[in-house]
Amino acid sequence: MSDLDRLTAAVTTGRLLTDPDLMDRYRRDEAHLVRPGKPVAVLLAADVGEVSEALAWANDTRTPVVPRGAGSGLAGGAAAIDGCLVVCTERMTAIRELAAADEYAVVEAGVVNADLDRAAAAHGLMYAPDPSSHEISTIGGNVATNAGGLRCVKYGVTRDAVLGLEVVLADGRVIDTGRRTVKGVAGYDLTGLFVGSEGTLGVVTAATVRLRPRPAPPTTILGSFDAMRDAAEAVAAVVRAGVGPSLLELIDRATLRAIAEWKSMALDGDPAAVLIAQTDGPDAAAAAEAVRGHFLDAGAEFAAVSDDAAEAAQLLEIRRLAYPAAERLGQCLVEDVGVPRSRLPELIEAIERAARTHDVRIMTVAHAGDGNVHPTFVFDRRADGEAPPEVWAAADDVFRAALQLGGTLTGEHGIGALKQRWLGLELGNDVLGLHRAVKAAFDPRGILNPGRGF
């Protein structure tokens with residue numbers, strides 16, 4: 001019996017794909033600059049037992065394993081490697097438990113983020129992390145990259161919402177980390193270690209997540225600015241004042257124009273940037289007026305407060321359309337740097353400078369309230385699928401500027417396959433060595449997503 005026949009025999013309820021045509025849709029994620037390899041098989045896992053059997057087989061045969069959720073990642077972390085086994089968890093969609101009284105849920109890795117939030121809403125609760133891909137991205141993928149989202153300025157990122165995990169280790173063992181309690185300090189924080197590890201330490205098959213009371217409909221503030229720097233200064237002012245919005249997003253002129261041309265969703269005028277903010281809670285109205293005041297003080301040409309739910313939904317839809325609108329204009333390198341929020345104006349200037357210096361089109365949006373900026377480098381599609389040198393040069397300038405401002409290479413997309421060449425600049429050799437030692441302890445044969453993350 002061949003190695004692959006052994007795996008086929010072990011899979012009883014899921015599907016093991018070996019036909020190249022059927023496997024093709026599972027080879028790549030949304031990082032289109034990462035060339036996907038050719039897997040030997042794709043496992044559409046139905047339960048944790050199948051994932052365990054598959055990893056035990058892969059460890060024994062030294063077959064690389066690429067874990068995959070919905071494939072919505074932007075750093076190449078879920079792109080196939082030649083000769084790998086892709087373990088896809090998108091069929092593991094059970095909400096095993098939703099404990100409204102204790103405000104937690106236990107969900108399988110394939111549960112879609114927005115579906116979990118809707119299930120929580122039926123109990124007056126919410127699942128707070130809400131990446132722009134929330135209607136398609138899965139909890140397993142969100143855990144792998146420590147995804148953030150629009151509400152993270154107030155409610156935190158995925159790591160802040162994860163209480164415990166069910167993880168399959170490289171040799172097939174299944175472990176449970178964490179707890180269901182609000183507090184717990186028994187042992188090392190393995191849960192926190194797995195969150196954001198990009199499938200390099202184990203395959204997450206389920207998560208115990210914190211739910212929160214669902215706030216009343218928020219108050220929305222829209223500000224338009226004639227200069228990106230002014231918008232960034234407004235963000236810094238809101239943060240300094242401690243107003244605490246539940247959402248604070250920035251969209252630049254190039255992105256607004258692209259959305260308007262595509263969807264006919266234009267805002268009045270032709271601002272260089274807009275800020276969309278929301279406040280919730282018992283002091284939402286007063287906080288909204290304070291945010292509006294900071295917008296005006298920073299030079300906003302227009303700033304208004306609204307309680308209209310339909311208007312708020314349209315503004316957030318504009319924000320969520322930023323990436324697909326950019327994709328319509330050419331090939332994209334979608335990036336993800338973060339800086340301390342007081343340094344946001346300097347980062348915005350560095351991005352604009354990189355665009356001018358290298359003559360590269362950059363469209364910028366940001367989870368501005370937490371200093372997480374997404375510059376998207378747009379360029380003509382090439383036959384070889386590669387980005388031209390000037391795009392990488394401009395990206396290099398932006399990455400180094402973020403680090404010089406005390407920031408990070410990635411706030412939520414992960415290192416994946418795209419940013420490894422810069423990782424040493426942020427971590428340094430000693431810390432990189434510790435990362436590799438941790439990796440070796442969990443995955444001594446190096447089968448889990450090799451060449452990704454760390």
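The values are calculated or read from the model by the stated rules, or taken from the named source; none is laboratory data. In this text, all values refer to a predicted model and were calculated from it rather than measured experimentally. Because the Cβ atoms are built from the backbone with ideal geometry, glycine has one as well, and the counts that use them run over all protein chains shown. Side chains included, ligands, DNA and RNA excluded: accessible areas come from the protein's heavy atoms. Shrake-Rupley method; radii C 1.70, N 1.55, O 1.52, S 1.80 Å.
In region 279-298 there is no residue that is out of contact with any Gly (no Cβ under 7 Å at 6 or more places or on another chain), of a type in the set (S, T, N, Q), open to solvent by less than 30 Å² (accessible area, probe 1.4 Å) and closer than 15 Å to A366 by Cα. All of (1) surrounded by 15 or more Cβ atoms within 10 Å (Cβ to Cβ); (2) without any contact (Cβ under 8 Å) to a residue 24 or more places away in the chain; (3) under 23 Å from the mean Cα position of the chain (by Cα) hold for A260 with one exception: (3).
Mind counting the residues in region 105-129 that are of a type outside the set (A, V, I, L, M, F, W, C), open to solvent by 10 Å² or more (accessible area, probe 1.4 Å) and in contact with an Asp or Glu (Cβ under 8 Å, 6 or more places away or on another chain)?
To start, the set of residues in region 105-129 that are of a type outside the set (A, V, I, L, M, F, W, C) comprises 108, 110, 113, 115, 117-118, 123-124, 127, 129.
Subsequent filtering for residues that are open to solvent by 10 Å² or more (accessible area, probe 1.4 Å) retains 108, 115, 117-118, 123-124.
Of the ones still in play, those that are also in contact with an Asp or Glu (Cβ under 8 Å, 6 or more places away or on another chain) are 117.
The qualifying residues number 1.
Of the listed requirements (1) assigned to a helix (DSSP H, G or I); (2) touching a residue at least 60 places away in the same chain (Cβ under 8 Å); (3) closer than 24 Å to S132 by Cβ, L329 misses just one: (1).
Name the single residue, out of those in region 40-69 being part of a helix (DSSP H, G or I) and among the hydroxyl-bearing types (S, T, Y), that is farthest from the chain's Cα centre (by Cα).
First, pick out the residues of region 40-69 that are part of a helix (DSSP H, G or I): 48-61.
Filter once more, so that each one left must be among the hydroxyl-bearing types (S, T, Y): 52, 61.
Details: S52: 26, T61: 32 Å.
Filtering first and then ranking leaves T61.
Answer with yes or no whether V143 is crowded, with 16+ Cβ neighbours inside 10 Å and within 30 Å of Q278 (Cα to Cα).
For V143, the condition - crowded, with 16+ Cβ neighbours inside 10 Å and within 30 Å of Q278 (Cα to Cα) - is met.
The single condition from (1) within 18 Å of the chain's Cα centre (by Cα); (2) part of a strand (DSSP E or B) that Y323 fails is (2). Being at pLDDT below 95 and either open to solvent by less than 20 Å² (accessible area, probe 1.4 Å) or of a type in the set (D, E) (or both) is a condition met by at least one residue of region 392-412. For region 145-204, give me each residue that is in contact with a Lys or Arg (Cβ under 8 Å, 6 or more places away or on another chain) and under 30 Å from A287 (Cα atoms). Across region 145-204, the qualifying residues are N146, L150, Y155, D160, A161, V162. Among the residues making up region 70-105, those that are over 30 Å from R214 (Cα atoms) and outside any loop (DSSP other than H, G, I, E, B) are L85, V86, V87, C88.
Out of the residues in region 339-361 that are more than 22 Å from G299 (Cβ to Cβ) and among the β-branched types (V, I, T), which is surrounded by the fewest Cβ atoms within 10 Å (Cβ to Cβ)? If we take residues in region 339-361 being more than 22 Å from G299 (Cβ to Cβ) and among the β-branched types (V, I, T), then T357 is surrounded by the fewest Cβ atoms within 10 Å (Cβ to Cβ). V209 meets each of the listed conditions (1) open to solvent by less than 40 Å² (accessible area, probe 1.4 Å); (2) outside any loop (DSSP other than H, G, I, E, B); (3) in contact with a Ser or Thr (Cβ under 8 Å, 6 or more places away or on another chain) apart from (3). You will find that of L427, L418, L448, L434, the residue that is farther than 19 Å from L347 by Cα, among the hydrophobic types (A, V, I, L, M, F, W, C) and open to solvent by less than 10 Å² (accessible area, probe 1.4 Å) is L448 and no other.
Out of curiosity, is G369 open to solvent by less than 20 Å² (accessible area, probe 1.4 Å) and under 24 Å from R240 (Cα atoms)? So G369 passes the test.
Please indicate, with yes or no, whether at least one residue in region 27-39 is outside any loop (DSSP other than H, G, I, E, B), hydrophobic (A, V, I, L, M, F, W, C) and buried (at least 17 other Cβ atoms within 10 Å of the Cβ). Explain how you work it out, then say what you get.
Filtering region 27-39 down to residues outside any loop (DSSP other than H, G, I, E, B) leaves none.
For region 27-39, residues outside any loop (DSSP other than H, G, I, E, B), hydrophobic (A, V, I, L, M, F, W, C) and buried (at least 17 other Cβ atoms within 10 Å of the Cβ): absent.
Just checking, which of G196, G184, G192 is of a type outside the set (S, T, Y) and over 25 Å from the mean Cα position of the chain (by Cα)? Of the residues listed, the single one that is of a type outside the set (S, T, Y) and over 25 Å from the mean Cα position of the chain (by Cα) is G184.
Would a scan of region 162-169 turn up a residue that is under 17 Å from the mean Cα position of the chain (by Cα) and either open to solvent by 30 Å² or more (accessible area, probe 1.4 Å) or touching a residue at least 60 places away in the same chain (Cβ under 8 Å) (or both)? So far as region 162-169 goes, no, none of its residues is under 17 Å from the mean Cα position of the chain (by Cα) and either open to solvent by 30 Å² or more (accessible area, probe 1.4 Å) or touching a residue at least 60 places away in the same chain (Cβ under 8 Å) (or both). Identify the single condition in (1) modelled with pLDDT of 95 or more; (2) on the phi < 0 side of the Ramachandran plot that G124 does not satisfy, given that it satisfies every other one. Single failed check for G124: (2). Given the structure, is G385 modelled with pLDDT under 95, surrounded by fewer than 20 Cβ atoms within 10 Å (Cβ to Cβ) and either in a loop (DSSP other than H, G, I, E, B) or in contact with a helix residue (DSSP H, G or I) (Cβ under 8 Å, 6 or more places away or on another chain) (or both)? So G385 fits the description; yes. Restricting R159, R180, R173 to residues that are closer than 19 Å to D443 by Cβ and not aliphatic (A, V, I, L, M) narrows the list to R173.
Within region 122-143, residues that are more than 14 Å from R319 (Cα to Cα) and part of a loop (DSSP other than H, G, I, E, B) sit with their Cβ atoms under 8 Å from residues that are open to solvent by 10 Å² or more (accessible area, probe 1.4 Å) and hydroxyl-bearing (S, T, Y), at 6+ positions apart or across chains, in these pairs: A128/Y155; P129/Y155; I136/S72; S137/S72.
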